[in-house]
Amino acid sequence: MVGFKPTDVPPTATVKFLGAGTAACIADLITFPLDTAKVRLQIQGESQRAIRASSAAAQYRGVMGTILTMVKTEGPGSLYNGLVAGLQRQMSFASVRIGLYDSVKQFYTKGSEHAGIGSRLLAGCTTGALAVGIAQPTDVVKVRFQAQARAGSSRRYQGTMDAYKTIAREEGLRGLWKGTSPNVARNAIVNCAELVTYDIIKDAILKAHLMTDDLPCHFTSAFGAGFCTTIIASPVDVVKTRYMNSAAGQYASAGHCAFTMLWKEGPQAFYKGFVPSFLRLGSWNVVMFVTYEQLKRALMAARSSREAPF
């Protein structure tokens, strides 16, 4: 695929929608252990009494320390806790927030090829918020699976469908949409930082003729987008993870969760799991955007070859 020239026919909304979901699933399969390590580091410290009372609760130190501890105490499979829900989330979530971004951006610019930063940010916020409204239950289940330890008999859920049913039965339908507000905030920020930064870096590289619109350009743009996104989104990501994973009544709201973290653990708590967050977002962005760009071209090339006369 490297060096494949873009087709003269621009990708359709359907191609972008399916391509984004597929590329995001591939990126998730590769980077999921880093995401699980990030979640474990983010929730560590929110219940110190429980940690001191249970010898099974491990203290996690760093990315590799967290991964090795999980493999040692829970087995290698624990790194992929919640993968099914994670893939469900990406197919419904990334398809909307990434696949529809260009279409929404064109809507705000009334079809103009020259989109300003305001239009790009508005498009990122719109698709990010819309995606959360659709995919929130899958995110709640994914986070709870990643947070629960496999060792011992204290597992909250026995399977993906059991998690959906249990949450709906014990917490009501509102439980499946728990943390929607911080998640909308997080994903509006992430979507803007991720897509807009990628858009801007890629445009700048192409306009300066530093690279052509191919793999090296996509890699560089995606890496820069991942780094910027991690810095901007980490605080709200930690709050989202803590609030989604909390027991009923533990926090009155996402704001209360944030205040409790600040009061008990200090400002540094908002950047817990920063290294795995960057490793995850950086690698996820690289895999996703590179795959997405190639999938778009492959799908449009296949479509063109089917429509071409013999």
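Rg to Rh ratio, the range 136-223, alpha-carbon atoms and Kirkwood radius?
1.24
Return the distance in nm (one decimal) between the two label points of a simple spin-label model at A13 and K207, each offset 7 Å from Cα along Cα→Cβ. Output for this residue pair reads 2.8 nm. Taking Cα atoms only, the orientation of helix 274-307 departs from the longest principal axis of the chain by about 40 degrees. Distance between the modelled labels on A302 and Q59, one decimal in nanometres: 5.2 nm (7 Å Cα→Cβ projection).
What label, among [x] 1.17; [y] 1.04; [z] 1.09, belongs to Cα Rg over 2.2 N^0.38 Å computed from the structure on display? Step by step, Cα Rg over 2.2 N^0.38 Å for this structure corresponds to label [y].
Here the Kirkwood formula puts the hydrodynamic radius of the range 67-139 at 14.2 Å, using every distinct Cα pair. Return the whole-Å distance between the Cα centroid of the range 210-243 and the Cα centroid of the range 268-282. Computed from Cα coordinates, the inter-centre distance equals 12 Å.
How far, in degrees from 0 to 90, does helix 117-147 lean away from the longest principal axis of the Cα atoms of the chain, to the nearest 10? Approximately 40 degrees, to the nearest 10. On the principal axes of its alpha carbon atoms, the range 223-284 extends 39, 21, 15 Å, with the longest extent given first. For the range 183-265, a crude dipole built from +1 on the beta carbon of Lys and Arg and -1 on the beta carbon of Asp and Glu, taken about the Cα centre, is about 360 debye to the nearest 20. Accessible surface for T180 stands near 40 Å², nearest 10, in the context of the full protein assembly shown (1.4 Å probe).
Taking the convex hull of the alpha carbon positions in the range 53-186 and averaging its projected area over all directions gives 10.5 nm².
Angle, helix 254-265 long axis vs. longest principal axis of the chain, Cα atoms, 0 to 90°, nearest 10? Helix 254-265 sits roughly 60 degrees off the main axis of the chain.
In plain terms, the chain from H256 to S181 could stretch by 25.7 nm, reckoned as 0.36 nm per residue minus the Cα-Cα distance.
When the Cα atoms of the range 183-265 are aligned to their principal axes, the ranges along those axes come out at 55, 20, 15 Å in descending order. Of R120, R156, R144, the order by accessible heavy-atom surface (1.4 Å probe, DNA, RNA and ligands excluded), from most exposed downward, is R156, R120, R144.
Each helix, a run of at least 4 DSSP H residues, gives -39500 (n - 2.57); summed and divided by the residues of the chain, these come to -23500 deg cm²/dmol at 222 nm. Compared with the alpha-carbon gap, the fully stretched path from R169 to I200 is longer by 6.6 nm at 0.36 nm per residue.
At 1.4 Å probe size, with the rest of the protein present, what percent of the exposed accessible area of the chain is carbon and sulfur atoms? So the carbon and sulfur contribution to the accessible surface is 66 percent.
Residues in the chain average 47 Å² of solvent-accessible surface per residue, probe 1.4 Å, ligands and nucleic acids excluded.
The values are calculated or read from the model by the stated rules, or taken from the named source; none is laboratory data. Note that the structure is a prediction, hence the values are computed from the model and not measured. Because the Cβ atoms are built from the backbone with ideal geometry, glycine has one as well, and the counts that use them run over all protein chains shown. Just the protein is used for accessible areas: all its heavy atoms, side chains included, with ligands, DNA and RNA removed. Shrake-Rupley method; radii C 1.70, N 1.55, O 1.52, S 1.80 Å.
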